[in-house]
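First up is the structure itself, then whatever we jot down about it.
The values are calculated or read from the model by the stated rules, or taken from the named source; none is laboratory data. These numbers were taken from a predicted model, which means no experiment stands behind them. Neighbour counts run over all protein chains shown; Cβ positions are idealised from the backbone, glycine included.
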Amino acid sequence: MFRLPLIIITLIIMLFMTSPIQASPLEATHAPVDSTGVANHMVADFALLASLLDNAEPCGEYLVIHQFRDQESAAAYLTAGFEADLACQLTAFLLTYSPDSERLVVIPSEFIPMINAADLPYLQVRLTSPETAVVFRYYDDCYQPGDRYCYTIKANLYEEHWKISDLQLAPVIGK
């Protein structure tokens, strides 16, 4: 008599152990992306770029960079906020090696706008996916009265930090 309940309990346990469990699979959910966080990362990335130039010292007709020996090390520094290809393009556009001073020097030229904290209210963030964002900043009367330019900054999320992948400044036609 004591064996019958034991057999029934054993059968029930075996039934649950061998039957497939119909639990719903866990769906991957992405945390909502904070557009303010994206904009703040952009400001930090541009601050990194500005710090590259802030340490330049006048030497003759050039501004000399003492922090880095070559473009490769400067580009490596920028990869904290810019994707590697863009970091290389930026350093190639901004810096050159001067045999006279045996240092990197800043190439005098017009450059892209630098985004800082004062720009935050003017930044428009569009998320194209949980890992990709496009930020727009419009400038009025940029080069002449009445003109309008759109600065487009694309970024990708890498380990909780938004790195800039592309920069474009283009006139807005027919504003």
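Pick from segment 80-122 the residues that are surrounded by fewer than 16 Cβ atoms within 10 Å (Cβ to Cβ) and under 15 Å from the mean Cα position of the chain (by Cα): which of them is farthest from ARG69 (Cα to Cα)?
Among those residues, the one meeting the criterion is ASN116.
Could you check segment 135-151 and list, in sequence order, the residues that are farther than 17 Å from GLY37 by Cα and in contact with a strand residue (DSSP E or B) (Cβ under 7 Å, 6 or more places away or on another chain)?
Across segment 135-151, the qualifying residues are TYR138, TYR139, ASP140, CYS142, ASP147, ARG148, TYR149, CYS150, TYR151.
Just need a number here: residues in segment 87-105 that are aromatic (Phe, Trp, Tyr) and in contact with a strand residue (DSSP E or B) (Cβ under 7 Å, 6 or more places away or on another chain).
Adding up the residues that qualify gives 1.
All but one of (1) closer than 15 Å to ASP166 by Cβ; (2) in a strand (DSSP E or B); (3) in contact (Cβ under 8 Å) with a residue 60 or more places away in the chain hold for ILE115; state the number of the condition that does not hold.
Going through (1) closer than 15 Å to ASP166 by Cβ; (2) in a strand (DSSP E or B); (3) in contact (Cβ under 8 Å) with a residue 60 or more places away in the chain one by one, ILE115 breaks only (2).
Condition test on PRO108, is it within 19 Å of HIS41 (Cα to Cα), touching a strand residue (DSSP E or B) at 6+ places or on another chain (Cβ under 9 Å) and not in a strand (DSSP E or B)?
Here the answer is no, as PRO108 does not meet what is asked.
Can you pull out the residues in segment 29-65 that are more than 23 Å from the chain's Cα centre (by Cα) and either surrounded by fewer than 12 Cβ atoms within 10 Å (Cβ to Cβ) or at pLDDT below 55 (or both)?
GLU57, PRO58, GLY60, GLU61
Taking the options TYR138, TYR158, TYR151, name whichever one is under 18 Å from the mean Cα position of the chain (by Cα) and more than 17 Å from ALA50 (Cβ to Cβ).
TYR158
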